């Protein structure tokens, strides 16, 4: 999904509708087994993860383009991360929660024309309170009339206790297209 500054606001209702549709097959029917219920949960969880990844990256696009009020930072960014969140950037540099939050605050409106395309979101594994997923993130930037794109593959660990919370991300550069 290509996320642009213009489609950030419409994603909420689409996401809720998509999640509702995904949940319909999960209704337990008399005689069904726990294993059947588990196989239904996995696609639902994968769709929840896809939605979470797309929504956070929609925030990044809107934030970098300067299209959000300041209060959105806490609701749309800080509220999604676990307090011990860490990220390993494609360069190998590790950032903790405080460092990343500070850098993000300072980046408001600094990348006009910035877009992100999310591809290949997939659930890798689950445990009772965690999920591991991966996805590709392609960042598009306009610079003096020319567009450049740089991709990375990200592996993310989520907490699943109340809602999905980002605990850790590890990013690796992808070859240019």
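Answer with yes or no whether residue 100 is surrounded by 11 or more Cβ atoms within 10 Å (Cβ to Cβ) and touching a helix residue (DSSP H, G or I) at 6+ places or on another chain (Cβ under 8 Å). Lay out the reasoning, then the answer.
On the way: surrounded by 11 or more Cβ atoms within 10 Å (Cβ to Cβ): yes; touching a helix residue (DSSP H, G or I) at 6+ places or on another chain (Cβ under 8 Å): no.
Against the criterion (surrounded by 11 or more Cβ atoms within 10 Å (Cβ to Cβ) and touching a helix residue (DSSP H, G or I) at 6+ places or on another chain (Cβ under 8 Å)), residue 100 does not qualify.
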Condition met for residue 84 (out of contact with any helix residue (DSSP H, G or I) (no Cβ under 6 Å at 6 or more places or on another chain), assigned to a strand (DSSP E or B), surrounded by fewer than 15 Cβ atoms within 10 Å (Cβ to Cβ) and without any contact (Cβ under 8 Å) to a residue 12 or more places away in the chain): no
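Does residue 143 count as within 23 Å of residue 92 (Cβ to Cβ) and exposed (fewer than 15 other Cβ atoms within 10 Å of the Cβ)?
Numbers: within 23 Å of residue 92 (Cβ to Cβ): no; exposed (fewer than 15 other Cβ atoms within 10 Å of the Cβ): yes.
No, not satisfied.
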Residue list for the range 51-75, filter: closer than 15 Å to residue 166 by Cα, more than 8 Å from the chain's Cα centre (by Cα) and either touching a residue at least 24 places away in the same chain (Cβ under 8 Å) or buried (at least 17 other Cβ atoms within 10 Å of the Cβ) (or both): 59, 60
Residue check, residue 175 at pLDDT below 95, in contact with a helix residue (DSSP H, G or I) (Cβ under 9 Å, 6 or more places away or on another chain), more than 15 Å from residue 53 (Cβ to Cβ) and part of a loop (DSSP other than H, G, I, E, B): no
Answer residue from the range 137-165, given it is outside any strand (DSSP E or B) and modelled with pLDDT of 90 or more and is nearest to residue 116 (Cα to Cα) among those: 164
Residue in the range 89-97 that is in a helix (DSSP H, G or I) and over 13 Å from the mean Cα position of the chain (by Cα) present: yes
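The values are calculated or read from the model by the stated rules, or taken from the named source; none is laboratory data. None of these values were measured; they are calculated from a predicted model. We place every Cβ from the backbone using ideal geometry, glycine too, and count neighbours over all the protein chains shown.
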